[in-house]
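The structure appears right after this line, and notes come after that.
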Amino acid sequence: MTARPSPPGVYGIDLGIALDQRRVLVADHSAFNRRTLARFLNWAGIRDIEFAATGSETLAKVESFNPDLLLLDVVLPEIDGIEVLKRIRQDRLHADIPVLVQTTLVSDALRTLCYQAGATDILAKPVNPGECIARVRYHLERLALIQELRQFRERIEKELKTARDMQLSLAPERASLDALAQRHNVSIDVFFESSEEIGGDFWSVFEIDSEHIGIVAADFSGHGITAAINTFRLHTLIGRLAPGELRDPGATLTICARRLYELLPLGQFATAFYGVLHSPSGELTYATAGAPSPLLFRQGTPEMIDASGLFLGVTDDEVYPNEKLVLEPGNHLFLYSDALVETRDDDGQMLGEDGLGEMATRAIDVAPLHPLGALLTSFSARFQGKVDDDQTAIWIRRN
C-alpha cells in the first residue's frame with residue numbers, strides 16, 4: 001500500500017526519524033479496522049503495509065512479508081491472536097518482532113495473558129490515533145536501535161576475532177618452537193590464554209643465533225584493545241633490534257623502556273622478563289622490570305629469581321642491569337604471569353608464589369619431562385572459572 005507524504009506532525013507528535021522503509025503487518029478480522037489502522041500508519045510515514053484477516057493468514061504473512069512490526073487483534077478467525085502470538089515467539093527468526101496487541105477488553109487477566117504470550121505492548125480498542133502512532137513509532141525506533149546495536153556488536157566481534165588471530169600470530173608456532181628446542185637441546189612448553197578476546201600479555205622464545213635463545217615475557221597494564229595494541233608495539237621494538245643488542249638483555253630492556261615511554265599514554269606500562277640462554281653452557285643472562293619472580297628448579301626445590309625493577313614505559317632514563325645464573329642439565333625454569341599467583345579461589349585465597357612453587361614441584365614429580373600440563377591441570381581444578389586476567393606460562397628444561 002502506497003501512502004501520501006506524511007505531514008510534519010500529527011496530534012502534536014514529532015514524527016522524528018522517517019519510517020517509510022519499515023514494514024508493518026495489520027492483522028484484524030474487520031476490514032473497517034484494517035483501513036482505519038492503515039490510515040494511522042500512513043500519518044506516521046509508514047508506506048509498506050500488509051493485511052491479514054485470519055490467524056492462519058497472519059502466520060503466513062509473517063513468513064512471506066517479514067514485517068518489522070505486527071498490529072495483532074486478539075480476536076481472529078481460525079487461530080486466535082493469543083495462539084498466533086505464541087507461535088511467532090516460538091519461531092527463532094521472528095521472535096524479536098514488536099507485536100502490539102489490540103483488544104476491546106483491558107482486564108488485568110487478559111493483559112497478563114497477552115504479555116505471557118509475548119506481547120510487546122497493548123492497544124485498547126477503539127484505537128486512539130495519537131496513541132497508536134506514538135506507540136508504533138516508539139517500538140519501530142527501538143527495533144532500529146536494537147538492530148543497529150546488533151550489527152555494531154557483530155562487526156566488533158568480527159574485528160576482535162581478527163585482532164586476536166593477529167595477536168596469536170606474534171608468538172612462534174609450535175612446530176618452529178619444537179625445532180628451535182631441538183637445535184638448542186632444551187624442552188619448551190608454553191601456555192597462553194587471554195581473559196578477553198585480546199589481552200596485554202606478550203611472550204616469545206626466539207633464536208638469536210646458533211648458540212643463543214631469547215626468552216621474553218611481558219604484561220601490559222590493563223586489558224582489551226589498548227593493552228593488545230601495546231603488545232604489538234613491544235613486538236615491533238624487539239623485532240627491530242640487532243643480534244648484538246638482543247644478546248644483551250639489559251640493553252634490550254633499556255631500549256624498549258625508552259621507546260615505550262615515548263609511545264605509551266600516561267599510566268600505561270609493562271612488567272617484563274627478558275633472558276638470553278647460551279645453550280652450549282646453560283648460562284642464562286637476564287634483566288627484569290617488575291615481573292613475577294620466575295622459578296628455578298635445580299634439585300627439585302624451587303628457587304625464586306628476583307625479577308624486580310622499574311616497569312617499562314614509566315621513565316626514559318632507567319638502565320636495566322644484567323644478572324646471570326646457570327641452567328645445568330635437568331634444571332627447569334618457569335616463567336608465568338601474575339594471574340597464576342593472584343587469582344582467588346572459592347575461599348578468597350590466592351595461590352601466591354610459595355603456593356605456585358609447591359604446585360610446580362608436585363608437577364615435576366608427576367611429569368618430570370613436561371610438567372607444565374600437570375601444573376595447569378592442578379591450577380584449573382582449584383581456580384576453574386575464577387581467572388579474570390591473562391594467563392601466560394613458559395616452562396623451559398635444559399636436557
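The values are calculated or read from the model by the stated rules, or taken from the named source; none is laboratory data. None of the values given here were measured: they were computed from a predicted structure. Counting neighbours? That spans all protein chains shown, and the Cβs are built from the backbone with ideal geometry, glycine included.
Within the set GLY313, GLY267, GLY330, the sole residue that is touching a Leu at 6+ places or on another chain (Cβ under 7 Å), in contact (Cβ under 8 Å) with a residue 24 or more places away in the chain and farther than 22 Å from ASP209 by Cα turns out to be GLY313.
Of the residues in segment 330-371, how many are over 16 Å from TRP395 (Cα atoms) and in a strand (DSSP E or B)? Qualifying residue count, segment 330-371: 2. On inspection, THR226 does not qualify as among the β-branched types (Val, Ile, Thr) and buried (at least 18 other Cβ atoms within 10 Å of the Cβ). Quick one: in segment 229-251, of everything that is of a type in the set (A, V, I, L, M) and part of a helix (DSSP H, G or I), which residue is farthest from the chain's Cα centre (by Cα)? Among them, the one singled out is ALA251. Summed over segment 39-52, the residues that are out of contact with any strand residue (DSSP E or B) (no Cβ under 8 Å at 6 or more places or on another chain) and either closer than 16 Å to VAL99 by Cα or outside any helix (DSSP H, G or I) (or both) give a count of 2. Against the numbered list (1) of a type outside the set (S, T, N, Q); (2) outside the structural domain of ALA251 (by TED's automatic domain parsing); (3) within 26 Å of ALA272 (Cα to Cα), HIS223 comes up short only at (2). When segment 83-124 is filtered for residues that are in contact (Cβ under 8 Å) with a residue 24 or more places away in the chain and basic (Lys, Arg), the ones remaining, listed by number, are LYS86, ARG87, ARG89. Among residues of segment 360-379 that are more than 21 Å from MET304 (Cβ to Cβ), those with a Cβ under 6 angstrom from a residue that is crowded, with 18+ Cβ neighbours inside 10 Å, sequence gap 6+ or separate chain, pair up as VAL366/ALA374; ALA367/ALA374; HIS370/ASP189. Selection of segment 100-138 for residues being assigned to a loop (DSSP other than H, G, I, E, B) and surrounded by fewer than 14 Cβ atoms within 10 Å (Cβ to Cβ) yields THR104, LEU105, VAL106, SER107, PRO126. Tallying residues that are buried (at least 16 other Cβ atoms within 10 Å of the Cβ), in contact with a helix residue (DSSP H, G or I) (Cβ under 6 Å, 6 or more places away or on another chain) and of a type in the set (Asp, Glu) within segment 314-344 yields 1. Residues of segment 343-354 that are under 16 Å from LEU295 (Cα atoms) and within 30 Å of the chain's Cα centre (by Cα): LEU351, GLY352, GLU353.
Do the conditions hold for THR254, that is, is it surrounded by 20 or more Cβ atoms within 10 Å (Cβ to Cβ), touching a Pro at 6+ places or on another chain (Cβ under 9 Å) and either among the hydroxyl-bearing types (Ser, Thr, Tyr) or not in a loop (DSSP other than H, G, I, E, B) (or both)? No. Here are the criteria: (1) over 18 Å from ILE133 (Cα atoms); (2) touching a strand residue (DSSP E or B) at 6+ places or on another chain (Cβ under 7 Å). Tell me which single one ASP68 does not satisfy. Result: ASP68 fails condition (1) only.
Pairing residues of segment 183-207 that are in a strand (DSSP E or B) with residues that are at pLDDT below 85, at Cβ distances under 7 Å and at least 6 apart in sequence or on separate chains, gives ASP201/SER194. Check whether at least one residue in segment 256-265 is in contact with a strand residue (DSSP E or B) (Cβ under 9 Å, 6 or more places away or on another chain) and among the acidic types (Asp, Glu), and report yes or no. No.
Among the residues of segment 265-284, the ones that are farther than 18 Å from ASP248 by Cβ and either in contact with a helix residue (DSSP H, G or I) (Cβ under 8 Å, 6 or more places away or on another chain) or outside the structural domain of ARG247 (by TED's automatic domain parsing) (or both) come to 3 in all.
In segment 285-296, is there at least one residue being in the same structural domain as PRO368 (by TED's automatic domain parsing), out of contact with any helix residue (DSSP H, G or I) (no Cβ under 9 Å at 6 or more places or on another chain), in contact (Cβ under 8 Å) with a residue 24 or more places away in the chain and in a loop (DSSP other than H, G, I, E, B)? Yes, some residue in segment 285-296 is in the same structural domain as PRO368 (by TED's automatic domain parsing), out of contact with any helix residue (DSSP H, G or I) (no Cβ under 9 Å at 6 or more places or on another chain), in contact (Cβ under 8 Å) with a residue 24 or more places away in the chain and in a loop (DSSP other than H, G, I, E, B).
Considering segment 44-54 alone, what residues qualify as being at pLDDT below 95 and surrounded by 21 or more Cβ atoms within 10 Å (Cβ to Cβ)? ALA44, GLY45, ILE46, listed by residue number. Quick check, is THR231 over 30 Å from ARG362 (Cβ atoms), surrounded by 20 or more Cβ atoms within 10 Å (Cβ to Cβ), in contact with an Asp or Glu (Cβ under 9 Å, 6 or more places away or on another chain) and of a type outside the set (Phe, Trp, Tyr)? Taking the combined requirement at face value, the residue satisfies it. Considering each residue of segment 124-140 in turn, at least one proves to be over 30 Å from ILE188 (Cα atoms) and under 30 Å from the mean Cα position of the chain (by Cα).
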